[in-house]
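Notes for the one structure printed next.
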Amino acid sequence: MAFHGKVALITGAGSGMGRLAAQRLAAQGATVAALDINEKGLQETAKGHENIHIFPVDVTNTEQVNAVVAQVIKQCGSLDRVMNAAAIMPYGKIMEHDTANILQVMSINYGGLVNITKATLPNMLESGGGDFIIFSSMLGQMPVLFTGAYSASKFATSAFAEILAHEHKDQGVRFACVCPPAVKTPLLQQAKDTIWPKILDENPPIQPEDVLDLIETNLEKNKFWVFPGKGTKIGWIVRRFFPDAIWKHIHKVEGQ
Ligand SMILES: NC(=O)c1ccc[n+]([C@@H]2O[C@H](COP(=O)([O-])OP(=O)(O)OC[C@H]3O[C@@H](n4cnc5c(N)ncnc54)[C@H](O)[C@@H]3O)[C@@H](O)[C@H]2O)c1
């Protein structure tokens with residue numbers, strides 16, 4: 001979609017792929033509503049881009065999300081694209097991972113998506129279409145040791161995204177669910193500061209630009225699942241048909 005004159009709302013726009021997506025769309029002439037809990041990060045994203053408008057918000061707060069989205073639509077116009085990128089990624093062995101933090105991961109990564117979807121999708125459906133992009137993860141398709149909280153939140157995200165897309169089939173909105181392997185963004189450090197599964201070192205992190213490029217390609221082809229990175233789609237297929245073989249390999253690599 002050529003984005004000149006269009007309106008995009010992006011969560012997690014204060015860092016990483018959300019930031020890059022906001023800046024790319026702004027450079028193409030879109031009006032971008034950049035949402036994040038990190039106001040400093042948002043200011044950094046908007047620096048030098050008059051058409052990036054920042055909206056500090058906690059995506060877990062339903063009332064705040066509803067109010068901000070209403071403000072965005074009033075100020076910027078109907079939404080042509082929504083990208084859900086807000087997330088956190090602390091890892092941990094489930095029984096050693098703080099319960100409140102496990103629940104917080106679900107609340108941000110999945111609950112935030114629910115809030116944004118309920119607040120934005122009606123506007124897109126009413127105005128006749130647009131692109132609705134949801135960031136899941138390869139860990140939302142293939143579980144790995146020590147990623148329980150994050151992986152569970154992304155499995156929930158994948159299921160929600162798939163059902164949402166089918167419930168709105170042929171209603172003008174193009175849906176995409178993005179399932180990257182490790183991507184070079186600040187999120188990786190968050191995980192590395194907790195516990196890092198050795199298996200994730202089997203492939204080096206991919207570049208955020210490559211993820212965003214593939215999203216555009218797949219949207220144009222109306223392909224819902226987006227699997228950036230070499231071998232990611234094959235990994236997904238192998239997991240579906242041979243989960244025991246994958247687990248055997250994971251245990252061997254992790255030494256437990
Ligand atoms: N980086 C990776 O390795 C990787 C791999 C697969 C999937 N993903 C997914 O891609 C998406 C983008 O991740 P990224 O790598 O750009 O991460 P990032 O850490 O660079 O950006 C995530 C942003 O979400 C924001 N955020 C966190 N909690 C929030 C809240 N409660 N309300 C509003 N904003 C909040 C953070 O402030 C941050 O700016 C995420 O959904 C992530 O799960 C990332």
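No value in this document is a laboratory result; all are computed from the given coordinates. Bear in mind that the values here come from a model prediction, so they are computed numbers and not experimental data. FYI the Cβ positions are ideal-geometry reconstructions off the backbone, even for glycines, and counts take in every protein chain you see.
Numbers below:
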| quantity | calculated |
| --- | --- |
| Electrostatic dipole magnitude of the chain [Cβ: Lys, Arg +1; Asp, Glu -1; Cα centre; debye, to 20] | 500 |
| Spatial separation of Cα centroids for segment 178-256 and segment 1-47, in angstrom | 24 |
| Cross-link reach list, aspartates and glutamates versus Lys248, counting only Cα pairs under 18 Å and skipping chain neighbours closer than eight places | Asp201, Glu202 |
| Tail fraction, Cα-Cα pairs, the chain, threshold 29 Å, whole percent | 26 |
| In segment 88-181, the trypsin sites (Lys or Arg not before Pro) that fall in loop regions by DSSP, at most 16 other Cβ within 10 Å | Lys93, Lys169 |
| Per-pair calculated FRET efficiency, R0 = 45 Å: Thr99 and Lys233 via Cβ, rounded to 0.05 | 0.85 |
| Exposure proxy order (Cβ contacts within 10 Å, fewest to most) of Val238, Val82, Val32 | Val238, Val82, Val32 |
| Fewest-first ranking of Cys179, Cys76, using other Cβ atoms within 10 Å as the exposure measure | Cys76, Cys179 |
| Test item: Cα-centred dipole of segment 217-256, Lys/Arg +1 and Asp/Glu -1 on Cβ, debye | 120 |
| Cβ-based charge dipole, the chain, positive-most Cα from Ile116, Ile94, Leu139 | Leu139 |
| Loop-located trypsin sites (Lys or Arg not before Pro) in segment 3-92 whose Cβ has at most 10 other Cβ within 10 Å (DSSP) | Lys47 |
| Extension gain, His4 back to Lys74 (0.36 nm per residue minus Cα-Cα distance, nm) | 23.3 nm |
| Subset of Lys118/Lys252; Lys6/Lys40; Lys154/Lys198 violating a 31 Å alpha-carbon distance limit | Lys118/Lys252 |
| Segment 1-68: equivalent-ellipsoid semi-axes (sqrt of 5 x gyration tensor eigenvalues, Cα, Å) | 19, 13, 9 |
| Convex hull of Cα atoms in segment 98-177, direction-averaged projection (nm²) | 5.2 |
| For the chain, share of DSSP beta bridges that run antiparallel, in % to the nearest 5 | 0 |
| Inter-label distance, nm, simple model (7 Å from Cα along the C-beta direction), Glu209/Asn222 | 3.1 |
